[in-house]
Amino acid sequence: MKFVSTIAGIILFVLFFGFALKNTQEVDLHFFLNYELRGPLVLMLLAFFIAGAALGILALTPTVFRQRRQTSQHKNTIQALQSAAGTGTGNAQPTPDAVNPAR
């Protein structure tokens with residue numbers, strides 16, 4: 001499996017490197033207030049891809065922290081219920097119920 005992922009990584013690298021070599025022409029990026037940025041197309045695409053990934057990670061951060069907090073609360077609730085039931089960690093073997101023999 002590692003071999004297949006290595007080959008796939010090499011193929012993707014070659015494809016992206018070829019894409020970068022084909023898109024070296026200069027482009028103008030116009031912002032507000034007559035601000036203009038000039039650079040190679042591939043660098044502009046890379047910069048906006050990285051900025052989008054960073055914004056996506058920032059957007060997910062509150063959700064991740066909320067889920068971690070809820071997981072911690074659930075673990076505490078489970079421990080409290082187990083200690084109230086007297087099972088401790090939950091590793092105790094259950095005892096079978098008494099069965100009355102049929103007459």
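Bear in mind these aren't lab numbers, they're just calculated from the coordinates by the rules spelled out. Since the structure is predicted, the reported quantities are computational estimates derived from the model, not experimental observations. Positions of Cβ are generated from backbone atoms using ideal geometry, with glycine treated the same way; all protein chains shown enter the neighbour counts.
Can you tally the net charge around residue 62? Count Lys and Arg as +1, Asp and Glu as -1, for every other residue whose Cβ sits under 12 Å from the Cβ of residue 62. Charge balance in the 12 Å sphere: +3. Taken one residue at a time, the phi angles of the stretch 73-81 give Karplus couplings (6.51, -1.76, 1.60, θ = phi - 60°) of 5, 5, 5, 5, 5, 4, 4, 5, 5 Hz. Gly and Pro are set to x.
What is the sum of charges, Lys and Arg at +1 and Asp and Glu at -1, for the other residues whose Cβ falls under 13 Å from the Cβ of residue 28? Local net charge: -1.
Modelled this way, with points 7 Å down the Cα-to-C-beta line, the labels at residue 6 and residue 47 are 3.7 nm from one another. Pairwise inverse Cα distances across the stretch 19-85, averaged and inverted, put the Kirkwood hydrodynamic radius at 16.2 Å. Rounded to the nearest 20, the Cβ-based charge dipole of the stretch 19-85 about its Cα centre (Lys and Arg +1, Asp and Glu -1) stands at 540 debye.
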